[in-house]
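The values are calculated or read from the model by the stated rules, or taken from the named source; none is laboratory data. What you see is a predicted model, and the numbers here were worked out from it, not measured in a lab. FYI the Cβ positions are ideal-geometry reconstructions off the backbone, even for glycines, and counts take in every protein chain you see. Accessible surface is based on the protein model in full, side chains and every heavy atom, while ligands, DNA and RNA are left aside. Shrake-Rupley method; radii C 1.70, N 1.55, O 1.52, S 1.80 Å.
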Amino acid sequence: MSDAELVLRSTRVITPEGTRAASVAVTDGTITAVLPYDAPVPESARLEDLGDHVLLPGLVDTHVHVNDPGRTEWEGFWTATRAAAAGGITTLVDMPLNSLPPTTTVPHLRTKQRVAADKAHIDVGFWGGALPDNVKELRPLHEAGVFGFKAFLSPSGVDEFPHLERDPLARTMAEIAAFDGLLIVHAEDPHLLASAPQQPGPKYADFLASRPRDAEDTAIAQLIREAKALDARVHVLHLSSSDALPMIAEARAEGVRITVETCPHYLTLTAEEVPDGASEFKCCPPIREAANQDLLWQALADGTIDCVVTDHSPSTADLKTDDFATAWGGISGLQLSLAAVWTEARRRGHGLEDVVRWMSARTSALVGLDDRKGAIAAGRDADFAVLAPEETFTVDPVALQHRNRVTAYAGKTLHGVVKSTWLRGQRIVADGEFTEPKGRLLTRTH
Ligand SMILES: [Zn+2]
């Protein structure tokens with residue numbers, strides 16, 4: 001601690017060993033020691049006394065659609081990373097689609113990195129995309145530092161990012177397995193979606209019936225079969241159907257290398273409460289019934305679901321029409337994800353330590369950043385959120401930093417106010433005031 005530049009002191013610091021009063025020493029943007037609360041502060045160091053506010057590791061959100069360049073009217077790096085910072089997120093990994101170009105070749109990755117470089121208020125990494133015709137691009141993208149590859153098993157919603165049918169999926173998986181990369185998958189079966197009842201209009205029940213659980217379950221079963229055959233590493237994106245949980249647990253027990261995420265909206269919103277025509281609640285797979293939600297929480301508690309990520313996927317307000325069949329599917333969650341999940345977690349008897357495990361430690365591990373991110377421990381980056389977990393606020397869309405202030409959480413009262421967010425020892429936002437962007441671009445090898 002003798003050479004520390006900064007010491008953050010709180011009566012509640014969330015460490016991998018639990019929550020305790022501690023002083024966290026920081027030098028050159030790295031945590032150098034987690035010391036007793038009353039450890040003497042060297043004269044060279046600046047002391048930040050946080051009182052009873054909780055110091056937790058900055059969240060790592062591995063599922064964000066920034067859409068920049070190309071669809072920046074939906075979202076961009078400047079606005080997305082400010083929203084994330086305001087919500088206690090210090091690292092995001094950008095999805096390969098909805099931007100133009102999509103991140104499906106190395107030159108496209110370079111374009112995205114160039115665009116993000118001077119707009120990133122937090123650290124930003126990139127997923128690559130797996131298309132039916134870009135198998136040859138996967139290894140070069142892996143070597144250029146993408147964290148893994150996203151594929152769709154059903155239509156993605158944008159024409160430039162087609163989905164993989166059975167044979168292209170097997171070819172893609174074999175290629176990625178050859179360099180032990182990670183395949184992340186939007187798992188809904190296109191044939192079951194096509195045969196589900198299609199009733200356009202404003203009724204949420206009709207939309208829900210058009211995206212049945214069975215479509216998710218069947219696609220996940222296919223994924224498990226292929227992963228097992230190839231000993232490949234796969235990750236199920238945005239799990240909504242609780243019916244898939246037993247087969248996932250069973251596959252994992254058999255040694256299949258499969259991980260699973262779910263999202264704040266599946267954990268905190270229910271089909272029963274979606275008003276007709278309210279397409280700010282539309283996403284795919286859909287928000288399902290309350291009984292389904294209970295099982296998702298159970299699976300988080302028992303570890304079948306590894307982590308919670310936002311799947312922040314905004315569009316302009318005009319695409320959020322009152323027809324669920326044609327409205328853009330995607331929920332904007334970046335700024336509110338911590339508060340939304342914490343609010344429901346505490347109601348169900350979980351601690352903030354659990355939320356940190358789901359939204360920081362496990363997501364860091366998913367992308368191999370857990371040597372630098374995801375914990376308050378010596379050697380990790382000094383990335384923090386300072387949270388008043390007992391304080392509440394009512395969601396006012398005007399207070400959001402997202403480019404389009406459309407939110408499914410409007411009017412909700414949430415627990416957990418983020419007081420400040422820190423990136424490598426620098427406070428990047430406090431009480432709505434931001435510094436200039438200080439984020440870095442991350443690669444798989446950092
Ligand atoms: Zn997504």
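Just how large is the dipole of segment 135-198 about the Cα centre, in debye to the nearest 20, putting +1 at every Lys and Arg Cβ and -1 at every Asp and Glu Cβ?
Around 100 debye, computed over segment 135-198.
If you project the alpha carbons of segment 91-222 onto the principal axes, what extent comes out on each, in Å, largest first?
Ordered largest first, segment 91-222 gives principal extents of 44, 34, 24 Å.
Using Cα centres only, tell me the gap between segment 417-435 and segment 75-97 in whole Å.
For segment 417-435 versus segment 75-97, the Cα centre distance is 14 Å.
Rounded to the nearest 20 debye, what is the charge dipole size of segment 324-446 about its Cα centre when +1 sits on each Lys and Arg Cβ and -1 on each Asp and Glu Cβ?
With Lys and Arg at +1 and Asp and Glu at -1, about 320 debye.
Once you treat every alpha carbon in the chain as an equal point and sum by Debye, what is log10 I(q)/I(0) at q = 0.06, 0.08, 0.12 Å⁻¹?
-0.23, -0.42, -0.97
With +1 assigned to the C-beta of every Lys and Arg and -1 to the C-beta of every Asp and Glu, and no other charges, what is the dipole magnitude of the chain about the Cα centre in debye, to the nearest 20?
620
Which angle from 0 to 90°, rounded to the nearest 10, does the C-alpha axis of helix 77-86 make with the longest principal axis of the chain?
60
Tell me, how many Å apart are the Cα centres for segment 148-215 and for segment 278-335?
15
At 1.4 Å probe size, with every protein chain present, just tell me what the per residue accessible area of segment 130-215 comes to in Å².
42
Just want to confirm a number: the relative contact order over the chain, from Cα pairs under 8 angstrom separated by 6+ residues, in percent.
Relative contact order comes out at 21 percent.
Taking the solvent-accessible surface of protein heavy atoms with a 1.4 Å probe, what is the per residue accessible area of segment 380-446 in Å²?
With the other protein chains kept in place, segment 380-446 gives 45 Å² per residue.
Assuming 0.36 nm per residue, please report the length gained on full extension of the stretch Ala290 to Thr30 beyond their Cα-Cα distance.
Gain on extension, Ala290 to Thr30, equals 89.4 nm.
State the percentage of accessible surface on segment 90-229 attributable to carbon and sulfur atoms; use a 1.4 Å probe and exclude ligands, DNA and RNA.
55
Grab the beta carbon distance between Ala39 and Glu353, set R0 = 30 Å, and tell me the FRET efficiency rounded to 0.05.
Rounded to the nearest 0.05, the efficiency is 0.85.
I need the calculated FRET efficiency for the pair Ala21 and Glu391, taking r as the beta carbon distance and R₀ as 30 Å, to the nearest 0.05.
0.90
Pull out the extension gain between Lys412 and Glu433, defined as 0.36 nm times the separation in residues minus the alpha carbon to alpha carbon distance; nm, one decimal.
Separation in residues times 0.36 nm, less the Cα-Cα distance, equals 5.2 nm.
Leaving out ligands, DNA and RNA, and with a 1.4 Å probe, what % of the accessible surface on segment 255-308 is carbon or sulfur?
50
Angle, helix 166-178 long axis vs. longest principal axis of the chain, Cα atoms, 0 to 90°, nearest 10?
30
Compute the long axis of helix 213-230 from its Cα atoms, compare it with the longest principal axis of the Cα atoms of the chain, and write down the angle in degrees, 0 to 90, nearest 10.
80
Which percent of the accessible area of segment 1-55 is formed by carbon and sulfur heavy atoms (probe 1.4 angstrom)?
49
Label Ala178 and Leu319 with points 7 Å out from Cα along Cα→Cβ: what is the distance between them in nm?
If labels sit at Ala178 and Leu319, their model points lie 3.5 nm apart.
Taking the solvent-accessible surface of protein heavy atoms with a 1.4 Å probe, what is the per residue accessible area of segment 250-335 in Å²?
Per residue, segment 250-335 has an accessible area of 31 Å².
Given the peptides 310-321, 132-143, arrange them by the average over their residues of other C-beta atoms within 10 Å, most packed first.
310-321, 132-143
Which one, Gln298, Thr172, Leu138, projects farthest toward the positive side of the charge dipole computed for the chain from Cβ point charges (K/R +1, D/E -1)?
Value computed over the given set: Leu138.
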